[in-house]
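The values are calculated or read from the model by the stated rules, or taken from the named source; none is laboratory data. No experiment lies behind these values; they were computed from the predicted model shown. Backbone-built Cβ (ideal geometry, glycine too); neighbour counts: all protein chains shown.
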Amino acid sequence: MATLSFAEARQQVLDRVQVPTSIPRETVWLSDAAGRVNATAIHSDRDMPPLPRSLRDGFALRSIDLPGPLQVTGEIRAGQLPTQPIHPGTTMAIMTGAVIPEGCDQVVMKEHVSASNSTLTSDRAALSGEWISPAGSMARQGDIVIPAGRRIDASAIAMLATIGQSQIQVNRQPVVRILATGDEVVDIARKPNETQVRNSNSWALATDVRRFGGRPEILPIAPDQEQITRDLIAYGLEADLLLISGGVSAGEYDFVEVALANLGASFFFDRVTIQPGQPTVFGQAKGTFFFGLPGNPLSTMVTFRIFAEAALSRLAGIETPDLLFHTATIQHSYKHKPGLTRFLPGLLSNHGQHVEILPWQGSGDIPALVRANCFVTVDARKEAWQAGDPIQVLLP
């Protein structure tokens with residue numbers, strides 16, 4: 001089987017995993033909607049804003065009356081209706097969010113006025129419409145404010161609350177079964193000996209599955225025994241998606257691919273030119289897509305994020321799952337041997353403008369993962385970066 005580039009492997013996932021033609025729906029409370037995929041288009045129940053509103057603290061006035069002097073005749077607070085219009089030669093103090101009075105076509109920020117007693121002047125140029133949000137300028141009644149097939153995040157929750165919708169119809173969560181493999185892996189409740197590791201991968205994957213709209217089910221750890229591994233994989237294939245960590249390398253006791261082959265699996269790729277995560281497997285068996293992810297934690301998290309998350313999102317109803325890349329300037333020079341796309345633990349700083357590649361001790365370095373807040377994405381075609389050069393980072 002040919003080794004694929006990062007872009008080719010991801011495209012394989014997107015080409016093969018499609019949004020199901022029919023996804024069961026369920027209704028959930030707003031408090032339980034985060035991470036779920038919206039099943040139907042959501043419409044605004046009224047114009048937003050329903051009346052023109054001020055975008056700044058300042059003074060409501062007629063632009064034709066600038067620069068003044070203007071007589072201050074009152075104050076309009078947020079939540080109040082104006083009791084009188086703006087007459088020629090007058091102005092009213094106005095708060096952010098307050099309704100614009102009749103006759104007003106400009107709000108001048110209070111920083112731009114000079115006041116003496118009840119009279120003010122301003123050096124602000126006449127600009128009709130300045131700092132005024134017209135009625136319906138954000139949305140009109142009946143407009144779609146959340147399209148179907150959108151993952152619900154904090155902004156969507158805010159929108160639902162704004163239109164008074166305490167419940168929402170969402171797509172059923174795909175069930176994702178998670179299987180860790182290897183004699184060296186033990187349950188997190190056990191104390192490992194010097195040759196063992198606790199099963200961190202299953203719990204990390206379950207967290208990401210839940211974050212991206214799936215329902216995780218952690219299976220018992222598969223020991224390095226072919227029949228038990230096969231039985232657990234067969235059970236895992238009864239879900240919507242199966243994630244296997246470990247057992248996909250070329251070791252004598254790596255039984256995952258053998259067990260999958262014995263279950264009639266089709267393999268679409270089993271190696272990708274990335275670091276970490278080269279021995280990543282993607283295929284389908286018994287109608288279910290599966291990923292064999294490398295067993296080291298950093299490899300597992302990277303390959304889930306760049307490959308398995310796309311499949312999960314499609315199964316949940318997301319038509320165009322996108323990776324979130326960001327460009328920052330690298331803080332220190334970096335050189336590598338071209339040929340592999342590398343996803344290295346990175347730390348974004350200065351409001352995302354700068355990024356540092358963190359020291360790490362291979363793909364089992366969980367402490368480096370905890371210190372990181374992104375993955376620096378090192379282009380396979382380029383050899384070196386100097387401090388201050390732009391470089392891509394993959395956001396969580």
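Return the only residue of 320, 300 being part of a loop (DSSP other than H, G, I, E, B), on the phi < 0 side of the Ramachandran plot and hydroxyl-bearing (Ser, Thr, Tyr).
Going through 320, 300 in turn, just one is part of a loop (DSSP other than H, G, I, E, B), on the phi < 0 side of the Ramachandran plot and hydroxyl-bearing (Ser, Thr, Tyr): 320.
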How many residues, within the range 103-125, are touching a Ser or Thr at 6+ places or on another chain (Cβ under 6 Å) and either basic (Lys, Arg) or farther than 18 Å from residue 52 by Cβ (or both)?
-> 4
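Starting from residues that are among the hydroxyl-bearing types (Ser, Thr, Tyr) and either part of a strand (DSSP E or B) or in contact with a His (Cβ under 7 Å, 6 or more places away or on another chain) (or both), keep the ones in the range 344-396 and report whichever is nearest to residue 274 (Cα to Cα).
Looking at the filtered set, the residue picked out is 377.
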Of the numbered conditions (1) more than 14 Å from residue 120 (Cβ to Cβ); (2) assigned to a loop (DSSP other than H, G, I, E, B); (3) touching a residue at least 12 places away in the same chain (Cβ under 8 Å); (4) of a type outside the set (Val, Ile, Thr), residue 26 fails exactly one; give the number of that condition.
-> (2)
What pairs come up if the first residue lies in the range 153-176 and is under 23 Å from residue 140 (Cβ atoms), the second is assigned to a loop (DSSP other than H, G, I, E, B), and their beta carbons are under 6 Å apart, counting only those six or more places apart or on different chains?
-> 163/44; 163/45; 168/33; 169/39; 169/40
Only listed residue being in contact with a Lys or Arg (Cβ under 9 Å, 6 or more places away or on another chain) and not in a loop (DSSP other than H, G, I, E, B), chosen from 161, 135, 156 = 156
All but one of (1) assigned to a loop (DSSP other than H, G, I, E, B); (2) among the polar types (S, T, N, Q); (3) surrounded by fewer than 19 Cβ atoms within 10 Å (Cβ to Cβ); (4) touching a strand residue (DSSP E or B) at 6+ places or on another chain (Cβ under 8 Å) hold for residue 173; which doesn't?
-> (3)
Restricting the range 327-339 to residues that are surrounded by 18 or more Cβ atoms within 10 Å (Cβ to Cβ) and in contact (Cβ under 8 Å) with a residue 60 or more places away in the chain, the residue that is nearest to residue 394 (Cα to Cα) = 328
Any chance residue 187 is touching a residue at least 24 places away in the same chain (Cβ under 8 Å) and acidic (Asp, Glu) = yes
The range 10-50, residues that are of a type in the set (Val, Ile, Thr) and closer than 20 Å to residue 166 by Cα | 27, 28, 37, 40, 42
Identify all residues within the range 370-395 that are in contact (Cβ under 8 Å) with a residue 24 or more places away in the chain, over 20 Å from residue 339 (Cβ atoms) and out of contact with any strand residue (DSSP E or B) (no Cβ under 6 Å at 6 or more places or on another chain); write none if there are none.
-> 371, 386, 387
Write out, first by first residue and then by second, each pair whose Cβ atoms fall under 6 Å of each other, whose residues are 6+ apart or on separate chains, and whose first residue, in the range 197-216, is in contact (Cβ under 8 Å) with a residue 24 or more places away in the chain and at positive phi while the second is aliphatic (A, V, I, L, M) and surrounded by 18 or more Cβ atoms within 10 Å (Cβ to Cβ).
-> 213/37; 213/316
Across the range 8-31, which residue is nearest to residue 305 (Cα to Cα) among those that are of a type in the set (Val, Ile, Thr) and loosely packed, with under 13 Cβ neighbours inside 10 Å?
-> 21
When residue 350 is run through (1) in the same structural domain as residue 382 (by TED's automatic domain parsing); (2) in contact (Cβ under 8 Å) with a residue 60 or more places away in the chain, the failure sits at (2)
In the set 156, 115, 180, the lone residue that is surrounded by fewer than 19 Cβ atoms within 10 Å (Cβ to Cβ) and among the hydrophobic types (A, V, I, L, M, F, W, C) is 115
Assuming residue 283 fulfils every condition listed in (1) in contact with a His (Cβ under 7 Å, 6 or more places away or on another chain); (2) in the same structural domain as residue 231 (by TED's automatic domain parsing) apart from one, which condition is it?
-> (1)
Take residue 194 and decide whether it is of a type in the set (D, E, K, R) and either surrounded by fewer than 16 Cβ atoms within 10 Å (Cβ to Cβ) or touching a residue at least 40 places away in the same chain (Cβ under 8 Å) (or both).
-> yes
Where residues in the range 218-240 are assigned to a helix (DSSP H, G or I) and among the β-branched types (Val, Ile, Thr), which of them is modelled with the highest pLDDT?
-> 233
